[in-house]
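A.B. asks: One structure coming up, written as structure tokens, with questions to follow.
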Amino acid sequence: MGFFEEVVNAARACEDAAVKSLVLGWHSSVIVAADGRWGLGCVPDSLKEPHRAREEHTALLLGGSLVRLAELIVSPFPQEFAAATAACAALMPFPDGGFRMDAVLPCARGDKVAVLGYEREALSLMRDWGWKTAVFDDLRRGPDCFPQNEFPAGARSADWVWLTFEAARDRWLPSTADILKEKKGCFLQGPGLPWLRESFAALGVTHLVAPRMTGDAETLRARIAVGGSPWLSPEVEWRIYPGQ
């Protein structure tokens, strides 16, 4: 639990604020604080487990502050994890800068890339870039899709690794840290990532992939509320930050 303790302790050191609004969409969550801070969060894949709301969780989320919600990052429940990651992104936002997504195009061209978690838009980019991807996801079928329990073996034989933030919730990120550190590089994709570069670097992450809002916040919130994806939202630009 070392990694999660670091996230919670870092959140507690941030300035707290009341939550003005919280939206849990199909593909992302959005939180807006009373002081204007906002964050996009990670919503677990609904194909892997139903998004059943628990009333006791709902009451807790509606009455929470940014820090109180961020403390739920250790929760196994999708409803709480979605809120917690949005709160973490609001409390510990990424700085200006980073690189456009296509800036990493050459780094793994022709190399084997083990991808944990199926993110259609990200995979389309990787394939356009000429990366040789092997996807580890229990619910997808295809010649390059394999069961998740084969991910450690797949990562060992790959040159690069790409993880969605669900790898933290599923404990794949901390449990495979020794393997990740042996790779040419490891990408960790948001949304919902807090800006804790040193904590991620200690687990073998070399690149952080995070969204940056470039459009109207209210339009983005409305889009996420009706099931929109941050990958396809014109109000969002994805950036890559060196993780080490």
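Just so it is clear, none of the values below were taken in a lab; they were calculated from the coordinates. Just so we're clear, the structure is a prediction, and the values are computed from it rather than from any experiment. Because the Cβ atoms are built from the backbone with ideal geometry, glycine has one as well, and the counts that use them run over all protein chains shown.
A.B. asks: Are there any helices in the chain, counted as whole DSSP H runs, that stretch 18 Å or more along their axis by Cα and score at least -0.5 on average by Kyte-Doolittle, and if so which? Each step should come with its number before you reach the end.
C.D. replies: Working: long enough: 78-91 (20 Å, 0.89).
Sorted by number, the helices that extend far enough and score high enough are 78-91.
A.B. asks: Right, another one. Sorted by packing (mean other beta-carbon atoms within 10 Å per residue), highest first, where do 163-175, 106-118, 15-27 land?
C.D. replies: The packing order, highest mean first, is 163-175, 106-118, 15-27.
A.B. asks: As a test of the formula, what do you get for the chain when each DSSP H run with n ≥ 4 contributes -39,500 (n - 2.57) and the sum is divided by the residue count, at 222 nm and rounded to the nearest 500 deg cm²/dmol?
C.D. replies: -8500 deg cm²/dmol
A.B. asks: Still on this structure, please answer the following. Using Cα pairs under 8 angstrom and six or more residues apart, how large is the relative contact order of the chain, in percent?
C.D. replies: Answer for the chain is 21 percent.
A.B. asks: Related question: With charges set only on the Cβ (+1 for Lys and Arg, -1 for Asp and Glu), what does the dipole of region 99-242 come to about its Cα centre, in debye to the nearest 20?
C.D. replies: The dipole magnitude comes to about 200 debye.
A.B. asks: Specify which residue in the list MET126, ALA108, THR219 is farthest towards the positive end of the charge dipole of region 99-242, using unit charges on the beta carbon of Lys, Arg (+1) and Asp, Glu (-1), about the Cα centre.
C.D. replies: ALA108
A.B. asks: For the residue pair ARG12 and ALA222, what label-to-label distance in nm results when each label sits 7 Å from Cα along the Cα-to-beta-carbon direction?
C.D. replies: For ARG12 paired with ALA222, the spin-label model returns 4.0 nm.
A.B. asks: Now for a separate question. Using per-residue counts of other Cβ atoms within 10 Å, averaged over each peptide, order 36-43, 192-199, 133-140 from highest down.
C.D. replies: Order by mean packing, descending: 36-43, 192-199, 133-140.
A.B. asks: To continue, here is another question. Across the chain, how many lysine pairs, 8 or more positions apart or on different chains, have C-alpha atoms separated by under 16 Å? Please give the number.
C.D. replies: 6
A.B. asks: Quick one: what Rg and Dmax do you get for region 2-91 from the alpha carbons, in Å?
C.D. replies: When restricted to the Cα atoms of region 2-91, Rg and Dmax are 12.0, 36 Å.
A.B. asks: Right, next: Output ³J(HN,Hα) for region 195-205: one whole-Hz value per residue in order, computed from phi by the Karplus curve 6.51 cos²θ - 1.76 cosθ + 1.60 with θ = phi - 60°, and x for Gly and Pro.
C.D. replies: So the Karplus estimates, Gly and Pro as x, are 7, 10, 4, 5, 5, 6, 4, 5, 9, x, 7 Hz.
A.B. asks: Here is a further query. Please rank THR214, THR206, fewest neighbouring Cβ atoms within 10 Å first, as an exposure proxy. Before the final figure, lay out each step's value.
C.D. replies: On the way: THR214 11, THR206 20.
Result, fewest neighbours first: THR214, THR206.
A.B. asks: How would you order 232-240, 67-75 from highest to lowest mean count of nearby Cβ atoms within 10 Å?
C.D. replies: Top to bottom by mean Cβ count within 10 Å: 67-75, 232-240.
A.B. asks: Residue by residue, what Karplus-based ³J(HN,Hα) values in Hz, rounded to whole numbers, does region 234-240 have, using 6.51, -1.76 and 1.60 with θ = phi - 60° and x for Gly and Pro?
C.D. replies: Ordered by residue, 3J(HN,Hα) equals x, 7, 10, 10, 8, 10, 10 Hz.
A.B. asks: Something else about it: Each residue of region 16-33 in order: what ³J(HN,Hα) in whole Hz does its phi give by Karplus 6.51 cos²θ - 1.76 cosθ + 1.60, θ = phi - 60°, with x for Gly and Pro?
C.D. replies: Coupling constants for region 16-33: 7, 7, 5, 8, 7, 8, 9, 10, 10, x, 6, 10, 6, 10, 9, 10, 10, 8 Hz.
A.B. asks: If you don't mind, another one. What residues from region 140-184 fall in the zone where the backbone N is under 20 Å from a label point 7 Å along the Cα-to-C-beta line of GLU198?
C.D. replies: 174, 181
A.B. asks: Using modelled backbone amide H atoms (1.01 Å from N, in-plane), which distant-in-sequence or interchain residues come within less than 5 Å of ASP111's amide H?
C.D. replies: Amide H neighbours of ASP111, under 5 Å, 5+ apart: LYS132.
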